[in-house]
Amino acid sequence: MNPLGRRIAALIGAQGPISIAEFMTLALHDRECGYYATHDPIGSGGDFITAPEISQMFGELLGLWLAQVWHDQGKPRQPLLVELGPGRGTLMADALRALTLMPQFRESLDVVLVETSSALRRAQAETLRDVGVPLRWAESFDSSLADRPLFLVANEFFDALPIRQYVKTERGWCERMVSIDQSGALTFVLAPTALPAALVPASRDGAPVGGVYETASAGEALCEDIGHVITRHGGGAIIVDYGYGLPGFGETLQAVASHRFADVLTNPGASDLSAHVDFHALRAAAVRGGATAFGPVEQGEFLVSLGIVERAERLSRNHLQNLTLELDRLTKADEMGTLFKALAIVPKSAPTPPGF
Ligand code: SAH
């Protein structure tokens, strides 16, 4: 076991089993040994590749989506453009380049990048050094971002937020926890007491013994906040991630290192941990915040309706490069086209946003 694994084991030895959410937070965000503190995760040399790293068209279309939503709401003044988890800053760079087509929006923007990793903050600063709009960084989405019209984009951010798992047993739904076995290694166990029936969502009735469901309270709380700010000050959010649209059963927590699946508990901090996003729950949270949510729609369908095919043809003509491969990776069902989905959050009074 690596040093972070030993530290987590010692913590469990002292205080008892921890939730999967606590384990994820330590494995991903520990300041010294956590995954994001020690890795540059994205790209061919990293552990996974994301849509903006596949094609410039992704960030361009999302940037123009935000500008259209701004336009449809009567061009509110002092818009704040927030990206959650900007990775290398590629999506934001592509979005801001496309937004030169909408100078009135672009020139009034303040950009905030919400990022915990200092290595990725440096990468973002480097990618965005010449964009010519004011940039700042924040550790989390907090009330300082809540006083103006909010235009927010998040790609593959919500899948990195901590989840909890519950397993159906003969005695009811029991939380799956992380503990240590007799040899001191990390292992999954079930909490001895079942959840009180009143806390189990009705949609979970009827699951067979062994069924699993996941909850992501941090992600839901964040969506509720976003819904609240957008309701109060106007704006729009576009959330893209891999996940499911209806409440589902099944465990989706996964570890990935060097583009391969790895074991979740072995060597915490050495692999990226993520889980499928429950869009149904995020949508409900945004509505609790007072906003209207659209979608989720599948990424392929969403990008096609925003004009990705035409954009690819245009780029291919201008640069004599063939963008069919990039287009296929983003939109085809056997690539990212259906597993990935887009969810929009806008005020109740706003028209239906593009692509929904
Ligand atoms: N959006 C980028 C990167 C996705 S990877 C892209 O599409 O390429 C996830 C990103 O979220 C990374 O930048 C990671 O450092 C950041 N991140 C993960 N958890 C976070 C948290 N709790 N708070 C802020 N940033 C977080």
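Residues being surrounded by fewer than 23 Cβ atoms within 10 Å (Cβ to Cβ), over 15 Å from the mean Cα position of the chain (by Cα) and within 12 Å of the ligand (Cβ to nearest atom): count how many of those fall in the stretch 34-69.
Here the count works out to 10.
Kindly establish whether G289 is within 27 Å of A350 (Cα to Cα) and under 19 Å from the mean Cα position of the chain (by Cα).
Against the criterion (within 27 Å of A350 (Cα to Cα) and under 19 Å from the mean Cα position of the chain (by Cα)), G289 qualifies.
Show me the helices (runs of 4 or more DSSP H) found entirely inside the stretch 57-132 where at least 2 residues are closer than 21 Å to D159 by Cβ and either in the same structural domain as D47 (by TED's automatic domain parsing) or in contact with a Phe, Trp or Tyr (Cβ under 9 Å, 6 or more places away or on another chain) (or both).
Helices (runs of 4 or more DSSP H) meeting the threshold: 90-98, 118-127.
Go through (1) surrounded by 14 or more Cβ atoms within 10 Å (Cβ to Cβ); (2) within 27 Å of Q73 (Cα to Cα); (3) touching a residue at least 60 places away in the same chain (Cβ under 8 Å); (4) not basic (K, R) for A138 and report which single condition fails.
(3)
Could you tell me whether the stretch 89-99 includes any residue that is polar (S, T, N, Q), within 13 Å of the ligand (Cβ to nearest atom), under 23 Å from the mean Cα position of the chain (by Cα) and crowded, with 19+ Cβ neighbours inside 10 Å? Full working, then the answer.
Residues of the stretch 89-99 that are polar (S, T, N, Q), as a first pass: 90.
Among the residues that remain, those that are also within 13 Å of the ligand (Cβ to nearest atom) are: 90.
Retained after the next criterion (residues that are under 23 Å from the mean Cα position of the chain (by Cα)): 90.
Checking which are crowded, with 19+ Cβ neighbours inside 10 Å leaves us with 90.
Scanning the stretch 89-99 turns up at least one residue that is polar (S, T, N, Q), within 13 Å of the ligand (Cβ to nearest atom), under 23 Å from the mean Cα position of the chain (by Cα) and crowded, with 19+ Cβ neighbours inside 10 Å.
The values are calculated or read from the model by the stated rules, or taken from the named source; none is laboratory data. For clarity, every value in this text was computed on a predicted model and none was experimentally measured. Virtual Cβ from ideal backbone geometry, glycine too; neighbours counted across all protein chains shown.
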